[in-house]
Amino acid sequence: MTDFQAAAGRQGRQFAEQCDDALKNLGFELTGRMRLNEIGVEIDQASAAPSGRVIWFEYKGSIRGAIPGLRRTDTTKKAIANGALIRTLGDAPPFVVLTSHLPESGSARAMLRSAVEAGYISAAVCIYNPGWEDELRQLF
C-alpha cells in the first residue's frame, strides 16, 4: 500500500469516528455497519434517530486532500450509485450522506442535486458547516 493510500485510509477512519460521535451527541442510536449483499452495498452506519426512525448513513470525508469529501466527482458518483441501489429495495430507510465537504459548483454539485431530487439520497450534510445539526434534526 502506498503512503497516499495509507493516509487516505487513516483519514477515512478518523472521519467515520467523528461522524459516529456527532450522531451519538444528537441522540442517534448507532447499530453499526451493515452489508446488503443482495445489492452489493455496505452501509457505514445503521441507526435509529431520536424519533425512533431508522436511518442509514454513508460517510464521505477527510480532513485533508486537494479535493475532499463530495467535491470529488468519483466519490459523489459512488454515493449516488449506493443510494440508487438502496432504492431498489423498495421500503428501505432514508439514506443520508455525511461529508466533510459539499461540492460548491460543477458536475459533482449537479449530480448530487439531481440524486436528492430523484430520491436516491435523502440528504447530503456537511458536518463541518454551522447549523448542520439542525438540518439533520429537521429531516428526522
Rg and Dmax of the chain, Cα atoms, in Å? 14.4, 43
Which one of N129, N82, N37 has the biggest mean-square fluctuation once the chain is modelled by GNM with Cα springs under 10 Å? N37
Footprinting exposure proxy for T73, T88 (fewest neighbouring C-beta atoms within 10 Å first): T88, T73
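Over all directions, the average projected area of the alpha-carbon convex hull for the range 45-86 comes to how many nm²?
Dividing the Cα hull surface by four gives the mean projection, 3.7 nm².
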Within-13-Å neighbourhood charge of S107 [Cβ basis; K, R +1; D, E -1]: +3
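Considering only DSSP beta bridges whose two residues both sit in the chain, what percent are antiparallel, to the nearest 5?
Of the beta bridges lying entirely in the chain, close to 55 percent run antiparallel.
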Cα centroid distance between the range 61-140 and the range 36-50, in Å? 15 Å
Residue exposure sequence - R10, R71, R109 - by fewest surrounding Cβ within 10 Å: R10, R109, R71
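Only the coordinates and a few stated rules stand behind these numbers; no lab work does. Note that the coordinates shown come from a computational prediction; the quantities given were computed from them, not determined experimentally. For neighbour counting, all protein chains shown are included, and Cβ atoms are generated from backbone atoms with ideal geometry for every residue, glycine included.
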